[in-house]
Amino acid sequence: MKTVDTKFGQKSARRNSFKVPEGYFDQLTERVMSQLPEQQVVAKRPTMWGVRYRKVWIAAACVCGLAFGIGLYEHHEQKEKALMEANVQQMEPYFDQMADYAMYDNEEIYASLSEY
């Protein structure tokens, strides 16, 4: 093991024989760019119809979502109202029996309702 470590230490201790010329990296970018062929840069517009009108698509999606939400809310409200009316119609025959059981007449019912 010592011999391997010693050899590695000796190899790494050698000096690098390669040298970079003075000022090589100062003008490297300019030299590389001068050797490249000239190309015209053309700005490309999006070709797909959906990409061009992205804002319109987003606005349309928002309007559709809002219309769907309002329709769902209205449907829910109508359903709740129908259920309440059905419950009232179902309980209506029993109102007279409840009033008789509680011994209320119309005047007492109106008086109790007017307090609130």
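The values are calculated or read from the model by the stated rules, or taken from the named source; none is laboratory data. Note that the structure is a prediction, hence the values are computed from the model and not measured. Methodologically, a virtual Cβ is constructed for each residue, glycine included, from the backbone with ideal geometry; neighbour enumeration extends over all protein chains shown. We work out accessible area using only protein heavy atoms, side chains counted, and drop any ligands, DNA or RNA first. Shrake-Rupley method; radii C 1.70, N 1.55, O 1.52, S 1.80 Å.
Name the residue, out of E92, E80, that is in a helix (DSSP H, G or I), at pLDDT 85 or above and out of contact with any helix residue (DSSP H, G or I) (no Cβ under 9 Å at 6 or more places or on another chain).
After applying the criteria, what remains is E80.
Conditions (1) open to solvent by less than 100 Å² (accessible area, probe 1.4 Å); (2) assigned to a helix (DSSP H, G or I); (3) modelled with pLDDT under 75, marked per residue:
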residue: E30; (1), (2), (3): no, yes, no
residue: M33; (1), (2), (3): no, yes, no
residue: V42; (1), (2), (3): no, no, yes
residue: P46; (1), (2), (3): yes, no, yes
residue: A61; (1), (2), (3): yes, yes, no
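Can you find a residue that is at pLDDT 75 or above, among the basic types (K, R) and exposed (fewer than 10 other Cβ atoms within 10 Å of the Cβ) anywhere in region 8-16?
No, region 8-16 has no match at all.
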